[in-house]
1. Tell me, please, whether a residue that is touching a Gly at 6+ places or on another chain (Cβ under 9 Å), open to solvent by 30 Å² or more (accessible area, probe 1.4 Å) and free of Cβ contacts under 8 Å to residues at least 12 places away in the same chain can be found in region 33-44.
2. What do you reckon, is Glu29 open to solvent by 20 Å² or more (accessible area, probe 1.4 Å), of a type outside the set (A, V, I, L, M, F, W, C), over 24 Å from Arg68 (Cβ atoms) and out of contact with any Cys (no Cβ under 8 Å at 6 or more places or on another chain)?
3. Looking only at region 1-10, which residues are within 13 Å of the chain's Cα centre (by Cα), touching a residue at least 12 places away in the same chain (Cβ under 8 Å) and open to solvent by 60 Å² or more (accessible area, probe 1.4 Å)?
4. Is it fair to say Asn62 is assigned to a helix (DSSP H, G or I), open to solvent by 40 Å² or more (accessible area, probe 1.4 Å) and free of Cβ contacts under 8 Å to residues at least 12 places away in the same chain?
5. So, in region 11-21, how many residues would count as being open to solvent by less than 30 Å² (accessible area, probe 1.4 Å) and either within 14 Å of Val61 (Cβ to Cβ) or among the aromatic types (Phe, Trp, Tyr) (or both)?
6. Take the conditions under 14 Å from Thr2 (Cβ atoms), open to solvent by 60 Å² or more (accessible area, probe 1.4 Å), over 10 Å from the mean Cα position of the chain (by Cα) and charged (D, E, K, R) and apply them to Asp24. Does it pass?
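The values are calculated or read from the model by the stated rules, or taken from the named source; none is laboratory data. Note that the structure is predicted; figures quoted are calculated from it, not measured. All Cβ positions, glycine included, derive from the backbone under ideal geometry; neighbour counts span all protein chains shown. Each accessible area value is taken on the protein alone, full model and side chains, heavy atoms only, with ligands, DNA and RNA left out. Shrake-Rupley method; radii C 1.70, N 1.55, O 1.52, S 1.80 Å.
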Amino acid sequence: MTFEEFAATRLPGVLRFAGVLTADRALAEDVVQEVLIRAHARWDRISAMNRPELYVRKMIVNEFLSWRQR
């Protein structure tokens with residue numbers, strides 16, 4: 001699966017996940033945007049995983065926690 005295919009098919013679910021996590025739609029969109037930028041740069045490694053969406057969700061959790069610490 002290419003990054004573009006991943007983003008096209010999984011973006012709504014990833015945004016819902018981030019929305020529930022952050023309880024703030026605007027923050028969720030910001031977190032997802034940051035994560036997708038980093039995921040795109042590492043997509044060769046991420047796409048080789050069995051379930052890349054789970055890894056991206058973990059990246060979202062880590063990014064959100066990082067934002068809360070700031």
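1. No: zero hits.
2. Against the criterion (open to solvent by 20 Å² or more (accessible area, probe 1.4 Å), of a type outside the set (A, V, I, L, M, F, W, C), over 24 Å from Arg68 (Cβ atoms) and out of contact with any Cys (no Cβ under 8 Å at 6 or more places or on another chain)), Glu29 does not qualify.
3. Arg10
4. So Asn62 fits the description; yes.
5. 3
6. Answer is no for this residue.
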